[in-house]
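The values are calculated or read from the model by the stated rules, or taken from the named source; none is laboratory data. This one's a predicted model, so the numbers in the text were calculated from it and none came from an experiment. Here the Cβ is made from the backbone with ideal geometry for all residues, glycine too, and neighbour counts use every protein chain on show.
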Amino acid sequence: MKQLAERSGIPLPKRSEYADADTKLRAAIFRMHELAEQAYRAALSGPSGAESRAYLERRGVGPAESEQFALGYAERSGQFLANLFRKHDFTLSKWSSPASSCGATMAATSTASATG
């Protein structure tokens, strides 16, 4: 798409220049997924993931498989993602209004496609 736009002389918006609220929300959710994956994978390879790595090894899952399938480790506190997202300025209040409208749109789309 980028090459086609360049050939046609059409400027593409940069990541920070999303056109509408839904697009901004999708970009934020994608970024949150990236952050979560990176953090979980780092936790698995770090000191807190030692017990989980040992378990995986006993089950025949080595570092190569962990890497291939992007396996990670979540600490038991239950606050890991909330703290991570807060650190990166992803707060519930920031996205609560668009998220609810996006959820309603997604639910309506899912229902329509399942019945149609």
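Observations on the structure shown:
- Flag for S110 being surrounded by fewer than 14 Cβ atoms within 10 Å (Cβ to Cβ), at pLDDT below 85, over 30 Å from K2 (Cβ atoms) and over 15 Å from the mean Cα position of the chain (by Cα): yes
- Members of the range 58-77 that are farther than 23 Å from H33 by Cα and in contact with a helix residue (DSSP H, G or I) (Cβ under 9 Å, 6 or more places away or on another chain): V61, G62
- Scanning the range 73-88 turns up no residue that is assigned to a helix (DSSP H, G or I), at pLDDT below 75 and surrounded by 13 or more Cβ atoms within 10 Å (Cβ to Cβ).
- Residues that are touching a residue at least 12 places away in the same chain (Cβ under 8 Å), among the charged types (D, E, K, R) and either surrounded by fewer than 16 Cβ atoms within 10 Å (Cβ to Cβ) or in contact with an Asp or Glu (Cβ under 7 Å, 6 or more places away or on another chain) (or both), drawn from the range 32-66: E37
- Residues considered: Q3, Q38. Of these, the only one that is among the polar types (S, T, N, Q), in a helix (DSSP H, G or I) and at pLDDT 90 or above is Q38.
- The lone exception for A19 - which of (1) modelled with pLDDT under 85; (2) among the aliphatic types (A, V, I, L, M); (3) assigned to a helix (DSSP H, G or I); (4) exposed (fewer than 10 other Cβ atoms within 10 Å of the Cβ) it fails: (3)
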